[in-house]
Amino acid sequence: MRIIVLDDYQNVAAGYANWEALGAEIEFVSRPIRDTEDLVATVAGAEVVVAMRERTLFSADRLSRLRDLKLLVTTGRVNASIDLDAARARGITVCGTESTTSATPELTWGLILSVLRSIPSEDAGMRVGGWQSTVGGDLFGHRLGIIGLGRLGTQVARVGAAFGMDVVAWSQNLDEARAADVGAHAVSKEELFATSDVLSLHYKLSERSRGLVSAGDLARMKPTSIFINTSRTGLVDMEALQDALAEGRIRGAGIDVYDTEPLPVDHPLRSTPRTVLTPHLGYVTDDTYRIFFTQVVEDIAAWMAGEPVRTLK
């Protein structure tokens with residue numbers, strides 16, 4: 001049996017699980033898949049393909065060309081890049097894994113502090129002989145606005161409260177009782193953007209939520225406020241955000257997600273000022289990868305035994 005593990009960008013997947021126990025031919029692919037032809041050529045002859053989150057698209061068209069594919073395993077329980085209906089129609093079993101819920105909120109706070117206290121630029125300055133070139137912002141007594149108070153937003157909110165922040169939240173169906181459960185207050189979207197010193201986005205991308213953060217929303221932000229996105233860029237009017245940053249209309253932004261990943265070398269975000277950019281590191285941690293790849297191996301072994309587990313429907 002041939003197994004292809006895609007999107008192993010850091011060349012680390014082999015070390016997080018006992019792949020040898022599968023007794024199969026396993027190939028780890030560390031480069032990004034360029035296009036459909038590249039995907040077809042790369043996984044030719046493989047009965048099992050492992051996908052890392054949403055790094056590679058498995059559309060109906062692509063699945064129709066993967067004639068040897070019998071099992072597709074994705075890390076995580078949800079993968080918007082896999083057409084599950086098309087997979088089902090072709091008799092392809094799709095399985096997932098569990099994951100941590102702490103990694104992305106922890107990175108969110110890393111981005112908040114990095115932007116607010118200019119940590120990357122001050123570090124760079126220190127290495128060339130500089131000393132104190134910026135004046136940082138504060139958290140204690142200031143307002144944290146959470147857009148989307150689900151599992152991840154809730155954790156970010158609780159840390160904000162521990163910093164002594166005034167925590168407010170908004171989502172399309174949020175009520176005061178739900179917000180109060182995590183020490184926050186429910187406010188209108190207009191108030192959230194107009195009064196928050198730190199805005200952090202934690203929302204699932206769907207056709208309903210696409211473009212959720214509009215140019216008008218961003219225009220309401222204070223010039224001293226910062227915007228953090230560890231969710232999806234499709235939720236945000238990115239052109240408006242880049243304009244606000246370039247024109248100094250907000251203090252800064254921390255961004256971990258992009259429309260095209262890896263981010264092209266010539267992408268304008270790479271030269272947009274007042275930003276801290278990370279390469280989609282939200283889920284890239286030891287504990288998360290250990291869960292991902294250990295359970296990937298379990299999924300494959302169970303499927304080989306005729307009793308698939310953690311199947312996605």
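The values are calculated or read from the model by the stated rules, or taken from the named source; none is laboratory data. None of these values were measured; they are calculated from a predicted model. A quick note on method: Cβ atoms are made from the backbone with ideal geometry, for glycine too, and the neighbour counts reach across all protein chains shown.
In the set Ala219, Ala162, Ala215, Ala157, which member is in contact with a helix residue (DSSP H, G or I) (Cβ under 6 Å, 6 or more places away or on another chain), modelled with pLDDT of 95 or more and among the aliphatic types (A, V, I, L, M)?
Testing whether each residue is in contact with a helix residue (DSSP H, G or I) (Cβ under 6 Å, 6 or more places away or on another chain), modelled with pLDDT of 95 or more and among the aliphatic types (A, V, I, L, M) leaves just Ala215.
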Have a look at Thr101, Thr97 and point out the one that is of a type outside the set (A, V, I, L, M, F, W, C) and at pLDDT below 95. Thr101
Can you work out which of the residues in segment 67-77 that are touching a Leu at 6+ places or on another chain (Cβ under 8 Å) and in contact (Cβ under 8 Å) with a residue 60 or more places away in the chain is farthest from Asp38 (Cα to Cα)? Arg77
Being surrounded by 17 or more Cβ atoms within 10 Å (Cβ to Cβ) and either farther than 23 Å from Tyr9 by Cα or touching an Asp or Glu at 6+ places or on another chain (Cβ under 6 Å) (or both), is that true of even one residue in segment 252-264? yes
Return the pairs, sorted by first residue and then second, in which the second residue is in a loop (DSSP other than H, G, I, E, B) and of a type in the set (A, V, I, L, M, F, W, C), the first residue lies in segment 292-313 and is closer than 25 Å to Gly282 by Cβ and not assigned by TED's automatic domain parsing to the domain that holds Ala86, the beta carbons are less than 9 Å apart, and the residues are 6+ apart or on different chains. Leu312/Val78
Looking at Ser64, Ser81 in this structure, which one is in contact with a Phe, Trp or Tyr (Cβ under 7 Å, 6 or more places away or on another chain), free of Cβ contacts under 8 Å to residues at least 40 places away in the same chain and of a type outside the set (Asp, Glu)? Ser81
Please determine, by comparing only the residues of segment 176-207 that are in contact (Cβ under 8 Å) with a residue 24 or more places away in the chain and of a type in the set (S, T, N, Q), which one is nearest to Ala157 (Cα to Cα). Ser200
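What about Ser59, is it at pLDDT 95 or above, in the same structural domain as Asn173 (by TED's automatic domain parsing) and among the hydroxyl-bearing types (Ser, Thr, Tyr)?
In short, no.
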Pairs needed: first member in segment 138-161, closer than 21 Å to Leu218 by Cβ; second member anywhere, basic (Lys, Arg); C-beta distance under 7 Å; at least 6 residues apart or different chains. Leu149/Arg178
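Given the condition in contact with a Ser or Thr (Cβ under 8 Å, 6 or more places away or on another chain) and in a helix (DSSP H, G or I), answer yes or no: does some residue in segment 246-256 qualify?
Within segment 246-256, one or more residues are in contact with a Ser or Thr (Cβ under 8 Å, 6 or more places away or on another chain) and in a helix (DSSP H, G or I).
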Condition check for Gly136: assigned to a loop (DSSP other than H, G, I, E, B) and either aliphatic (A, V, I, L, M) or surrounded by fewer than 21 Cβ atoms within 10 Å (Cβ to Cβ) (or both): yes
With the requirement that a residue be part of a helix (DSSP H, G or I) and in contact (Cβ under 8 Å) with a residue 24 or more places away in the chain, what does segment 269-285 give you? Leu269
Residues that are under 17 Å from the mean Cα position of the chain (by Cα), assigned to a loop (DSSP other than H, G, I, E, B) and surrounded by 20 or more Cβ atoms within 10 Å (Cβ to Cβ): does segment 101-123 have at least one? no
Of the conditions (1) in contact with a Lys or Arg (Cβ under 9 Å, 6 or more places away or on another chain); (2) surrounded by 20 or more Cβ atoms within 10 Å (Cβ to Cβ), Lys313 clears all except one; give me its number. (2)
